[in-house]
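Student: Sending over a structure as structure tokens; questions will come in a sec.
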Amino acid sequence: MVVVDSDSEIILRVKGPLELKCQLDTSDAQLMQKVISRTFESLRSQVKSESCVLAVCDSPVFIWPNRGALATPEEITPNAPCEDLQQWIQTDDQDSAGKRSAKKKSKRSSSASVINLGLMMEVTQPGPLSAPILSKTVQKSHFLTTTLPMDCVVCTSCGDAIKDACERLLEALTHQLCDMEKVTLQHMRGPTVLVPEVLHFLLPEPKGLVTVVYPAGVSDSQLEAQRKELHQQFELPDDRPYFRRANAYHFPNEPYKDGYLRNPHVVLTHPTLDNGKVYLVQGIYSYHHYMQDRMDDNGWGCAYRSLQTICSWFQQQGYVERSVPTHKEIQQALVDVGDKQTSFVGSCQWIGSIEVQAVLNQLLGITSKIMFVSQGSELASKGRELANHFLTEGTPIMIGGGVLAHTILGVTWSETTGQIRYLILDPHYTGAEDLQLITDKGWCGWKGPDFWDQTAYYNLCLPQKPKVI
């Protein structure tokens, strides 16, 4: 089992290129496959050779895993615990001269649970040098060259010896080369091969982090048979995706490139109610709010932003492949279904829960239930329905009342007393992606029943997740 933020476990991740080069006789398909297999075997021998080197990223540490885990600097011994590597990793802190400090860091100063290593090969060999010998052969052949993106992960305890961890990393690298060979041969078309693509997936406990090799350029829809095999192999239910590319594990030391905050609610403390239970959104979503994407929708775009948050959930759980729709795409979808006139596209007109339901169905093929509440005071009696939604569907809920829209991410509800608190993601925020400000000021936070206008009517859009893999 992998617990990414555990103090007692470390993820060791090795990445690096290996060059696949071979000369093929295109007239013989079986011979081409044998040549490629021999080339992969040669790469596996390289990984097991003494020239294989693991370089700890952002540090002066180099390890020769096939030479008894010999390492530099000399203070690092093969039997030293893996956590000792962290003290050599430089942080982004700068010294007074403005340069990154090269001093050793205290073990306790590093909160990283992931140690990144680079896969390298020594090209120089000890011993006397010999003169090169050149030969020339004239023949018609096909020369295949491609770069294999090696990316292996093992989970180890902080106290495990470095040499033991290295053995596991080498085993993982060798196994990954076997998987890459299988994928390469399976999807080979004549002398053309597809580059293998490595993805990591965090499965429910106790299965943890697993690695899968897919052929790059082949869409998720074409890999359904392979995903079915993986679901059977890991005894996973067949009603939700686990192995689509969008499900790939996002390592904690890698920032998201699109700039949106993910799951800001996870830093919040849950409210305590008598016999209360917490029911939360399941999975990952992006926080969409006013003024993002160079779009000034302040005062009218809150439902659009709530809809975008919902769409991001379906995209990041792997249910859909399309990107989060823009305001214009949302408006065009409502025109396409006959809900709005053509002049609606490009306008600043607000939408409500019914429109959100229509867009989800039109753009994503997602169905939704609508809950009607004649006045805000009645929302306090909807605890059971809301709790059941997060328990069974786990999707964000859009709620609209008057001209305001919000996103409900969860509830704390007591079946015995009926008390309830709502976890609200507020799309009316206009500031920067500052997690502390957003949570401190309540833009993402727990609210009581008095948060709602007690006399206004509300419509809630409860998206239903499709049963797909």
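The values are calculated or read from the model by the stated rules, or taken from the named source; none is laboratory data. Keep in mind it's a predicted model, so treat the numbers as computed, not measured. Note that each Cβ is placed from the backbone with ideal geometry, even for glycine, and that neighbours are counted across all protein chains shown. Areas reflect the complete protein model, heavy atoms only, side chains present, ligands, DNA and RNA absent. Shrake-Rupley method; radii C 1.70, N 1.55, O 1.52, S 1.80 Å.
Student: Quick one: how many Å² of Thr416 are accessible to a 1.4 Å probe, rounded to 10?
Tutor: Estimated to the nearest 10 Å², Thr416 gives 100 Å².
Student: Could I ask something else about it? Please list, in order along the stretch 424-440, the HN-Hα scalar couplings obtained from phi with the Karplus expression 6.51 cos²θ - 1.76 cosθ + 1.60 (θ = phi - 60°), rounded to whole Hz, x for Gly and Pro.
Tutor: Using θ = phi - 60°, the values come out as 10, 10, 9, x, 7, 5, 10, x, 7, 7, 9, 4, 5, 5, 4, 7, 5 Hz.
Student: On to the next question. At a 10 angstrom cut-off on C-beta neighbours, averaged per residue, how do the peptides 192-200, 28-36 rank from highest to lowest?
Tutor: Values: 192-200: 17.6, 28-36: 14.1.
Listed from highest to lowest mean packing, they are 192-200, 28-36.
Student: May I ask for the Kirkwood hydrodynamic radius of the stretch 347-451, worked out over all distinct Cα pairs and given in angstroms to one decimal? Could you put the intermediate results ahead of the total?
Tutor: Values: mean 1/r = 0.0660 Å⁻¹.
About 15.2 Å, per the Kirkwood formula over Cα pairs.
Student: What residue among Thr156, Ala172, Ala131 has its Cα farthest toward the positive end of the dipole of the stretch 123-184, where the charges are +1 on Lys, Arg and -1 on Asp, Glu, each on the Cβ?
Tutor: Ala131
Student: Once neighbouring chains are kept in place and the probe is 1.4 Å, which whole percent of the accessible area of the stretch 276-463 is contributed by carbon and sulfur?
Tutor: 49
Student: Under the rule of at least 5 residues apart or a separate chain, name every residue whose amide H is placed under 5 Å from the amide H of Leu203.
Tutor: Long-range HN contacts for Leu203: Gly208, Leu209, Val210.
Student: Could you do me a favour and compute the accessible area per residue for the chain, 1.4 Å probe, result in Å²? Kindly include the intermediate steps, with their values, before the conclusion.
Tutor: On the way: 24070 Å² over 469 residues.
Normalised by residue count, the accessible surface of the chain is 51 Å².
Student: What's the local net charge at Ser219, with K and R +1, D and E -1, over the other residues with C-beta under 15 Å away? Provide the component values of the computation, followed by the final result.
Tutor: Values: positive: Arg227, Arg244, Arg245, Arg322; negative: Glu197, Asp220, Glu224, Glu321.
Result for the local shell: 0.
Student: Let me ask something additional. HN-Hα J couplings of the stretch 386-392 from phi, Karplus 6.51/-1.76/1.60, θ = phi - 60°, integer Hz, Gly and Pro as x?
Tutor: 5, 4, 5, 4, 5, 6, 9
Student: Amide H neighbours of Val195 under 5 Å, at least 5 residues apart or on other chains, H built in the peptide plane: list them.
Tutor: Ala216
Student: With a 1.4 Å probe and all protein chains left in place, how much of the accessible area of the stretch 1-78 comes from carbon and sulfur atoms, in whole percent? Spell out each step's value before the answer.
Tutor: Details: 1910 of 3970 Å².
Carbon and sulfur atoms account for 48 percent of the accessible area of the stretch 1-78.
Student: Provide the net charge surrounding Gln317, with neighbours chosen by a C-beta distance below 10 Å and charges set as Lys +1, Arg +1, Asp -1, Glu -1. If you can, show how the numbers build up before the last one.
Tutor: Working: positive: Arg240, Arg244, Lys465; negative: none.
Net of charged neighbours comes to +3.
Student: To the nearest 10 square angstrom, how much accessible area does Leu185 have with a 1.4 angstrom probe?
Tutor: Number for this one is 40 Å².
Student: Among the listed pairs Lys228/Lys465; Lys277/Lys382; Lys15/Lys136; Lys447/Lys467; Lys207/Lys382; Lys228/Lys328, which have their C-alpha atoms separated by more than 25 angstrom in this model?
Tutor: Working: Lys228/Lys465 19 Å; Lys277/Lys382 15 Å; Lys15/Lys136 36 Å; Lys447/Lys467 32 Å; Lys207/Lys382 36 Å; Lys228/Lys328 37 Å.
Where the Cα-Cα span goes over 25 Å, the pairs concerned are Lys15/Lys136; Lys447/Lys467; Lys207/Lys382; Lys228/Lys328.
Student: Any chance you could run the full-extension gain for Glu171 through Glu229? It's 0.36 nm times the residue separation minus the Cα-Cα distance, nm to one decimal.
Tutor: Values: separation 58, 0.36 × 58 = 20.88 nm, distance 2.29 nm.
Length gained between Glu171 and Glu229: 18.6 nm.
Student: What figure, in Å² to the nearest 10, do you get for the accessible area of Arg262 with a 1.4 Å probe and non-protein molecules left out?
Tutor: Estimated to the nearest 10 Å², Arg262 gives 50 Å².
Student: Just to compare against my own numbers: the Cα pair-distance distribution for the stretch 179-218, 10 Å bins, whole % per bin, please.
Tutor: Histogram of Cα-Cα distances, whole percents per bin: 30, 41, 22, 7, 1.
Student: Something else: In vacuo Debye scattering of the stretch 276-463, one point per C-alpha: log10 I(q)/I(0) at q = 0.16 Å⁻¹?
Tutor: The Debye formula, applied to the Cα set alone, gives -0.99.
Student: Hey, another quick one. Taking H as built 1.01 Å from N, whose amide H comes closer than 5 Å to the amide H of Ser141, not counting residues under 5 places away?
Tutor: none
Student: Taking the Cβ of Asn247 as the centre, find all other residues whose Cβ is under 11 Å away and add up their charges (Lys, Arg: +1; Asp, Glu: -1).
Tutor: Numbers: positive: Arg227, Arg240, Arg244, Arg245; negative: Asp220.
Counting the neighbours of Asn247, the net charge comes to +3.
Student: Whole angstrom only: what separates the Cα centroid of the stretch 161-227 from the Cα centroid of the stretch 1-78?
Tutor: Using only Cα atoms to place each centre, the spacing works out to 14 Å.
Student: When the Karplus curve 6.51 cos²θ - 1.76 cosθ + 1.60 is applied with θ = phi - 60°, which whole-Hz ³J(HN,Hα) does each residue of the stretch 353-365 get, with x for Gly and Pro?
Tutor: Ordered by residue, 3J(HN,Hα) equals 5, 5, 5, 4, 4, 5, 5, 4, 6, 6, 8, 10, x Hz.
Student: Still on this structure, I have one more. Here are some values of volume of the Cα convex hull per residue in Å³: (i) 152; (ii) 257; (iii) 212. Which one was computed from this structure?
Tutor: Looking at volume of the Cα convex hull per residue in Å³ for this model, the match is (iii).
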